[in-house]
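Visitor: Mind having a look at this structure? Questions to follow.
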Amino acid sequence: MIPYERTRQQTIPNSAVKIIGVGGAGANMLDRIALDGMEGAELLACNTDVRTLTSSVAPEKIQLGRNLTRGLGSGGDPALGNQAAQEAELEIRDALRDRKIIFICVGLGGGTGSGAAPLIAQLARDEGAFTVVFATTPFNFEGARRREQAENALAELSTLANALITFDNTRMGELVLAKQGVHEAFSAADRMVSESIRAVTRIVMRPGLVNIGLDDLMAALSSPKSRCLFGSGIAHGENRAQQALKNALVSPLLDRGSLLNDTDTVLVHVCGGEDMTLYELELLMRGLSKHVPETAQILFGTSVDPAMAESLSVTLVSSLPEDRLRADFSKSASAKKAETFNDKDTGKSESSEEALPENVGSLAETTDPVSNGEVGVDNGSSAESGQDSSFVEQEVEHEEDKITVEASEDEAQFEVVEEESRSAAGSNVRIRVKELPKSEEQDRESLKIVPDEEPASISGEDLASAFVEAVPSLEETGQSLDLEDEDAFFAETGPAGGPAPIKVESLEEIQASAKAKRPQGELALDGGPKGKFEGEDPNLIEGEDLDIPPFLRKKK
Amino acid sequence: MGKPRIHVGLEIGTTKTVMVVAEVKPDGSVKILGLGETSSAGVRKGEIVDYPQIRACVKAALLKAEDLSDVDISSVFLSVTGPHIEGLNNRGTYRLPEGEPEIRPRHVEEVKEIASDIAIPSEHVYLHSLIRHYAVDGQPHATMPTGLMGRKLDAEFHIVHGVRTRVQNSIKCAREIPLDVDDVVFAPIASAQVVLERKWKEAGALVLDIGGGTTDYVLYVDGAILASGCIPVGGDHVTNDIHLVTHLPLSKAEQVKKTEGCASGDPEKSEGIVTVPDEGGFPDVELKRQILNDVIRMRFQETLELVKERLPQDGLVRVGKGVFLTGGSSQMAGLGELAQDVFGLPVYKPESPEVSGVHAYIKDPQYSTALGLIRYAQILEEERPNSTAFSKASGFLRSLWPFGG
């Protein structure tokens, strides 16, 4: 394996993530995170109350207000909590140094959480970290005073943190069935926070086929004075794409998807095992497009993670300006400071457009055979497979070119990219949603991974560049028929000549395995006439439409 | 209950709308005074889809029933069905307060409340909460446990719930006629009151009400309901299947289904060809009996298997009597054999009535739900005096009746 550096985008080593639980509720969330297993990230518990602090499973602990409260809690007084945190400021600062992302988990309303969290967020920002705050607001029955304290703290946090994600404890009841125990309700809430953190880290740390970085995340959260909408869903088995999306949309933080209706920017990240298909992505994005306005910018990212095995996860991140939130949601606000990447990206996208046709060949190779070839583009992960080793330096350069394409997609230059790539490739791209340029990337990738029944046709429509068309034709005609063409194709493109044979082999392999894995054509849901029940909702029980004669169904 | 009472049952079915008027005599015997029937329009799979049409149907049925029975109908018992309706079991436990070892009616009320307090989806509404068993200190008691000494009182309930708005549609339909609705009853529970005798309920029996649009089931074990539900498949589907497979027009398909079809799977019955005559002078259509019977059998087999899957694990084992078929589609030839194959239990099929006239109705499986409503009303009437005060009775009714006065 020839290692090579990929430093064009921010790469985030695991150790750069720190999760801090502040106060009693924060400690609970932290414990949940620790119990669920969070590889790589460091966990730090901060509390005034020594008793809960010692019972925390976090490896790192800082006692706040050692002299001030003497190991007791802050008694629900944020001023005291704040002073206590100030006392430990140096300690905290040391703990936060050189971290890239800092998650702060806090339950607002009490003393320690409401008082110390803003200070810790401030310190985190001072240390240059991307700061994400997960805050819970108190139950309604806890009274106006605690709610007020929570809101004050939220107002502070919203200006301090890069992203503020809040969860209203009053809505905890939605997480569990009415008859489930109270501890289950609380642990469900903690689990939700822990899953959210995991999802955010998955987005920014996992290498993506279509990568999403911190910059995208910030773009999604860019509107000032806004509340972060967040939904994450995971599912496996049949229909997992729809199910995962559904799970993501039912998140209380999204209010079952209805809050998405008003948003301007949505970040969608799909992570799946190696058998994730393009078709699933298509379905998923189509399902999502029903929930977001047509004008919304969709930042699409996807990655393949073998650890996901059979399951597929969807993460939605968006923000909604506070004034658009309904009254009962307007508990919090967060100001997102989006740095503008526009300038440099515009330049890049232009250059990459020019470069595109010329680099077609090499691009095809980098993308074609090895799914992981591109995987590492942004994050320089260790996920490179064996085939990567054959990549020569030249190719890396081409890959760099490609990165610029991706980078260009990060920002609002979508239309530009789209228009240009259309004209460049001379094929007709349907513009449905703006994620198309990215899904092209995706298309190409998943084509290699597991060609579903449809990718050929889909790619025919959707893929803009000429080089991709070579692949569908391969798909259609079988494993080896076009390989000669492919060779020729590779030969034409100078720099890639060397590694080409290996590519062909791997192509063959992958296609063979894909062939093996490809499921038999399945009966579409509304397959065939339904007679007098035509036009009605499918009468679905256990995946079968009962309106279609069993005689016809079972015969197939 | 000195005076004879008149009860009216209204079933808004997928195929037909039936209104039965009956007199319940002081000795408990039921006399049918009249029955108004129209074919339904605007009902699909047991649920109202075209409101004005079905209202006209109900109106027509009402007029016929009033004509025949010479009774002014002002209120009805209404049956509802649809795949949204589900039955489930819940157990409530109440520990008697210190110093009160004897179970009193208010303790029973308390445990009933606890047992009915079950999380149903917020858009759902309770249709029935029917007591299955009481248990005192873990010992089962089928009857009211008041007066017994104990520490802990358990109640097991069978709770039927459905989507509020859909149930309200049926009620609204009756209200606008205008008719008062005395109670809303889940259709198979009503049917079972006619089909099953008390001792069969005790022995354990499964009632399958196979109608035009739905197949409703209710499973009685030890005299109480263990499971109930609805599968949105009925006789219409069979007709539609024949239509889709053979391309016969729907009216012909219906006719062929009734006269020629057989669900038994007996190869002897599948020999030869069915000729469907054409009145218009076009050539007759010929149809292989094998195909026709296969289409019918596969549909019914699938439906019965869906029912079987939904029953609780040990449900069928505890059925001592057998499977009772009722509903219009239960007249399908060979269905008894098929049901026996699927459930492995004795199957009781209603015989078609030989005599005509009002008394024939009681035997006709098509009317079992409507007649069952009368029986249900009668049972409710009998139970009512058991309550200590009238206010309690109306309170109990109100718990069944969540739609306000």
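The values are calculated or read from the model by the stated rules, or taken from the named source; none is laboratory data. Not measured: the values here are computed from a predicted model. Cβ coordinates were reconstructed from backbone atoms using ideal geometry, including for glycine residues, and neighbour counts include every protein chain displayed.
Visitor: I'd like to check something: does region B:296-305 contain any residue that is closer than 18 Å to B:ALA192 by Cβ and in contact with a helix residue (DSSP H, G or I) (Cβ under 6 Å, 6 or more places away or on another chain)?
Guide: In the first step, residues of region B:296-305 are kept if they are closer than 18 Å to B:ALA192 by Cβ; the result is B:304.
With in contact with a helix residue (DSSP H, G or I) (Cβ under 6 Å, 6 or more places away or on another chain) added as a condition, the list becomes B:304.
For region B:296-305, residues closer than 18 Å to B:ALA192 by Cβ and in contact with a helix residue (DSSP H, G or I) (Cβ under 6 Å, 6 or more places away or on another chain): present.
Visitor: Being surrounded by fewer than 19 Cβ atoms within 10 Å (Cβ to Cβ) and touching a residue at least 24 places away in the same chain (Cβ under 8 Å) is the filter here, so list the residues in region B:93-108 that pass it. Explain how you work it out, then say what you get.
Guide: We begin by selecting, within region B:93-108, every residue surrounded by fewer than 19 Cβ atoms within 10 Å (Cβ to Cβ); these are B:93, B:95, B:97-102, B:104-106, B:108.
Once the filter is applied, which keeps residues that are surrounded by fewer than 19 Cβ atoms within 10 Å (Cβ to Cβ) and touching a residue at least 24 places away in the same chain (Cβ under 8 Å), region B:93-108 yields B:THR93, B:ARG95, B:PRO101, B:GLU102, B:ARG104, B:PRO105, B:VAL108.
Visitor: If you go through region B:235-292, how many residues are acidic (Asp, Glu) and either crowded, with 18+ Cβ neighbours inside 10 Å or within 32 Å of the chain's Cα centre (by Cα) (or both)?
Guide: Matching residues across region B:235-292 total 5.
Visitor: Go through B:THR214, B:THR246 for me and flag whichever is within 14 Å of chain A (Cβ to nearest Cβ) and in contact with a Leu (Cβ under 7 Å, 6 or more places away or on another chain). Walk me through how you get there before you give the answer.
Guide: Details: B:THR214 fails: in contact with a Leu (Cβ under 7 Å, 6 or more places away or on another chain).
Testing whether each residue is within 14 Å of chain A (Cβ to nearest Cβ) and in contact with a Leu (Cβ under 7 Å, 6 or more places away or on another chain) leaves just B:THR246.
Visitor: Tell me yes or no: at least one residue of region B:73-87 is free of Cβ contacts under 8 Å to residues at least 40 places away in the same chain, of a type outside the set (A, V, I, L, M, F, W, C) and either within 14 Å of chain A (Cβ to nearest Cβ) or out of contact with any Lys or Arg (no Cβ under 6 Å at 6 or more places or on another chain) (or both). Steps first, answer last, please.
Guide: Initial filter on region B:73-87 (free of Cβ contacts under 8 Å to residues at least 40 places away in the same chain): none.
There is no residue in region B:73-87 that is free of Cβ contacts under 8 Å to residues at least 40 places away in the same chain, of a type outside the set (A, V, I, L, M, F, W, C) and either within 14 Å of chain A (Cβ to nearest Cβ) or out of contact with any Lys or Arg (no Cβ under 6 Å at 6 or more places or on another chain) (or both).
Visitor: Continuing with the same structure: Is there a residue being part of a strand (DSSP E or B), closer than 30 Å to B:ILE32 by Cα and at pLDDT 85 or above anywhere in region B:80-99?
Guide: Let us first name the residues in region B:80-99 that are part of a strand (DSSP E or B), namely B:80, B:86-95.
Adding the requirement that they be closer than 30 Å to B:ILE32 by Cα leaves B:80.
This time we only want the ones that are at pLDDT 85 or above, so: B:80.
Among the residues of region B:80-99, at least one is part of a strand (DSSP E or B), closer than 30 Å to B:ILE32 by Cα and at pLDDT 85 or above, which makes the answer yes.
Visitor: What are the residues in region B:231-243 that are within 11 Å of chain A (Cβ to nearest Cβ) and not aliphatic (A, V, I, L, M), if any? Working first, answer last.
Guide: Within region B:231-243, the first condition is being within 11 Å of chain A (Cβ to nearest Cβ), and the residues that meet it are B:231-234, B:236-243.
If the condition is that a residue be within 11 Å of chain A (Cβ to nearest Cβ) and not aliphatic (A, V, I, L, M), then B:PRO232, B:GLY234, B:ASP236, B:HIS237, B:THR239, B:ASN240, B:ASP241, B:HIS243 are the ones that fit.
Visitor: Could you tell me whether B:PRO402 is closer than 26 Å to B:ALA203 by Cβ, modelled with pLDDT under 85, not in a helix (DSSP H, G or I) and not charged (D, E, K, R)? Can you show your working first?
Guide: Details: closer than 26 Å to B:ALA203 by Cβ: no; modelled with pLDDT under 85: yes; not in a helix (DSSP H, G or I): yes; not charged (D, E, K, R): yes.
Criteria not met by B:PRO402.
Visitor: Further question: Criterion first (away from chain A (no Cβ under 14 Å) and either in a helix (DSSP H, G or I) or in contact with a helix residue (DSSP H, G or I) (Cβ under 9 Å, 6 or more places away or on another chain) (or both)) does B:LYS257 satisfy it? Walk me through how you get there before you give the answer.
Guide: Details: away from chain A (no Cβ under 14 Å): no; either in a helix (DSSP H, G or I) or in contact with a helix residue (DSSP H, G or I) (Cβ under 9 Å, 6 or more places away or on another chain) (or both): yes.
No; evaluated as a whole, the condition is false for this residue.
Visitor: I would also like to ask the following. If you scan region B:293-313, which residues turn out to be at pLDDT 85 or above and either loosely packed, with under 14 Cβ neighbours inside 10 Å or under 19 Å from the mean Cα position of the chain (by Cα) (or both)?
Guide: B:PHE300, B:THR303, B:LEU304, B:GLU305, B:LEU306, B:VAL307, B:LYS308, B:GLU309, B:ARG310, B:LEU311, B:PRO312
Visitor: Quick one: what pairs do we get from region B:284-298, first residue within 12 Å of B:GLY272 (Cβ to Cβ) and more than 9 Å from every other protein chain (Cβ to nearest Cβ), second part of a strand (DSSP E or B) and of a type in the set (S, T, N, Q), C-beta under 7 Å, 6+ apart or different chains?
Guide: B:GLU286/B:THR275
Visitor: Just give me the residues in region B:129-161 being touching a residue at least 60 places away in the same chain (Cβ under 8 Å) and of a type in the set (S, T, N, Q), in sequence order.
Guide: Selection gives B:SER129 alone.
Visitor: Considering each residue of region B:31-45, count those that are more than 13 Å from chain A (Cβ to nearest Cβ) and touching a residue at least 12 places away in the same chain (Cβ under 8 Å), and give that number.
Guide: Number of matching residues: 10.
Visitor: Could you check region B:184-196 and list, in sequence order, the residues that are more than 20 Å from B:GLN366 (Cβ to Cβ) and modelled with pLDDT under 90?
Guide: Pass one, region B:184-196, residues more than 20 Å from B:GLN366 (Cβ to Cβ): B:184.
Scanning region B:184-196 gives no hits.
Visitor: As an exercise: evaluate B:PHE157 against (1) within 30 Å of B:LEU96 (Cα to Cα); (2) surrounded by fewer than 24 Cβ atoms within 10 Å (Cβ to Cβ) and give the number of the one condition it does not meet.
Guide: Against the list (1) within 30 Å of B:LEU96 (Cα to Cα); (2) surrounded by fewer than 24 Cβ atoms within 10 Å (Cβ to Cβ), B:PHE157 comes up short only on (2).
Visitor: Hey, could you check region A:228-255 for residues that are in contact with a helix residue (DSSP H, G or I) (Cβ under 6 Å, 6 or more places away or on another chain) and farther than 26 Å from A:ALA309 by Cβ and say which is modelled with the lowest pLDDT?
Guide: Within region A:228-255, the match that is modelled with the lowest pLDDT is A:PRO252.
Visitor: Ok, one more. Looking at B:ASP278, is it within 14 Å of chain A (Cβ to nearest Cβ), farther than 24 Å from B:VAL207 by Cα and acidic (Asp, Glu)?
Guide: Details: within 14 Å of chain A (Cβ to nearest Cβ): no; farther than 24 Å from B:VAL207 by Cα: yes; acidic (Asp, Glu): yes.
Against the criterion (within 14 Å of chain A (Cβ to nearest Cβ), farther than 24 Å from B:VAL207 by Cα and acidic (Asp, Glu)), B:ASP278 does not qualify.
Visitor: Within region A:256-272, restricting attention to residues that are part of a loop (DSSP other than H, G, I, E, B) and surrounded by fewer than 22 Cβ atoms within 10 Å (Cβ to Cβ), which residue is modelled with the highest pLDDT? Break it down stepwise before answering.
Guide: Within region A:256-272, the first condition is being part of a loop (DSSP other than H, G, I, E, B), and the residues that meet it are A:256-257, A:263-264.
Subsequent filtering for residues that are surrounded by fewer than 22 Cβ atoms within 10 Å (Cβ to Cβ) retains A:256-257, A:264.
Numbers: A:ARG256: 60, A:GLY257: 61, A:ASP264: 74.
It comes out as A:ASP264.
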